[in-house]
Amino acid sequence: MLTNLPNEIFFLILCQLPSTQLFPILSTCHKFYSLTVEHNNEAFWRCLVYTKYKLSYRHPSLSWYQLAISDTVGQMCPHLDARSHDPWHQPDPDRFFSQLGFVFSHLFKLRHHPAGDPPSGICCSSAYQTFGICLNSGCNVAGCGDVFFEPQKHPGHIYQHHQSTKHSVVLKISDLTFIELWCYACNRPLGYWGSGERNSLPASEEFMVRQWIQYITWSLNTRAMDSSFTAHHYLRRQWEQRLLLSKAQPPRFLLDSRWFYAWVHYLSTPTADPPSFPAQHRLFLKQGLSSANESLINPSLKLNRHFVLVSCQLYCYIQRIYGIDGPTIHKGTVALHTDITIIS
Ligand SMILES: [Zn+2]
Ligand SMILES: [Zn+2]
Ligand SMILES: [Zn+2]
């Protein structure tokens, strides 16, 4: 019966189905299976992902087909745009970095003189500790943000900017998380799902966010040593030292020890550069894309020699600011997959 349907109608039916049912339905009909899956029709899948979810981006190692049938595609932010939110192709990167510099210097001054005047470029003399920079292509408006991400209670200028322009994706700079991407339309941080313990995270959204964080941290490290650079490192070290020493959460997540010791060196040495991202592949014999279940953990790992254990809070921070290359492994995953015994 399906075979008699015109292609356009069949496409609309597929758009109505949950992502996990696409493959089972297609495999019952030879004509459409051959048209879409067998011929690796990426244009078709790209169109389906866009029509159904309004998504224009994906992780480079996923095909549009893999994204369309993944169980996380429906959770991704549709306001991120592959073209206009590409950090490496901004129309005016100098303006972006000068806005970022204003915000860092302002936060730095707030620490020392809470009642001081804001520098030019900052919207108002608010003592908010959160700022946002609009990431809409070519916009880069900077403004004070809401407190603890509750725009209804404390609307700041960057939230008003979102309401009047419908620009949704913002770089937030705050004491709480240092820097992160926030979507006002989805009302949540991007590329970050809280606990860090779930096995399947939308790898594509995480990838888009990581592009930004790495672009910013890389550029600040290579740009001239001006006052915004100093303020950036001062604030960043302060925040990371507090996270390292915090005993609020038990250490449960495995982190490559080589990276960890390089990071501790950065925190304790004012002239040191921050390390790049932790390459967790050392901890695996075989590595899947995003889930520890698809990977094989090396059974001969030794605590403190190959890996250290960190809290969820610290792990999530490192994941966002530095980007972690590889799936998340916590003590629970290790117990399921290998014979490693962790004494902590
Ligand atoms: Zn969104
Ligand atoms: Zn804007
Ligand atoms: Zn303001």
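The values are calculated or read from the model by the stated rules, or taken from the named source; none is laboratory data. None of the values given here were measured: they were computed from a predicted structure. We place every Cβ from the backbone using ideal geometry, glycine too, and count neighbours over all the protein chains shown. Surface accessibility is based on the protein's heavy atoms, side chains included, excluding ligands, DNA and RNA. Shrake-Rupley method; radii C 1.70, N 1.55, O 1.52, S 1.80 Å.
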- prompt: For segment 28-59, how many residues meet the condition of being farther than 30 Å from Asp325 by Cβ and open to solvent by 80 Å² or more (accessible area, probe 1.4 Å)?
  reply: 4
query: In this structure, does Leu254 turn out to be of a type in the set (A, V, I, L, M, F, W, C), surrounded by 16 or more Cβ atoms within 10 Å (Cβ to Cβ), modelled with pLDDT of 85 or more and outside any helix (DSSP H, G or I)?
result: yes
- request: Starting from segment 175-189, take each residue that is farther than 20 Å from Met76 by Cβ and list its partners that are in a loop (DSSP other than H, G, I, E, B) and open to solvent by 30 Å² or more (accessible area, probe 1.4 Å), counting only C-beta distances under 6 angstrom and pairs at least six apart or across chains.
  value: Asp175/Gln129
message: Checking the structure you have, find out if any residue of segment 51-58 is assigned to a loop (DSSP other than H, G, I, E, B) and either at pLDDT below 90 or within 16 Å of ligand 2 (Cβ to nearest atom) (or both).
response: no
message: Please go through segment 267-278 and give me each residue that is surrounded by fewer than 18 Cβ atoms within 10 Å (Cβ to Cβ) and out of contact with any helix residue (DSSP H, G or I) (no Cβ under 7 Å at 6 or more places or on another chain), ordered by number.
response: Ser268, Thr269, Pro270, Thr271, Ser276
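Results for (1) assigned to a helix (DSSP H, G or I); (2) without any contact (Cβ under 8 Å) to a residue 40 or more places away in the chain; (3) open to solvent by 50 Å² or more (accessible area, probe 1.4 Å), shown as yes or no for each residue.
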position: Cys15; (1), (2), (3): yes, yes, no
position: Ser61; (1), (2), (3): no, no, yes
position: Gly74; (1), (2), (3): yes, no, yes
position: Leu80; (1), (2), (3): no, no, no
position: Ser84; (1), (2), (3): no, no, no
message: Quick check on this structure: which one of Phe277, Phe260 is within 30 Å of Leu100 (Cα to Cα), modelled with pLDDT of 90 or more and of a type in the set (A, V, I, L, M, F, W, C)?
response: Phe260
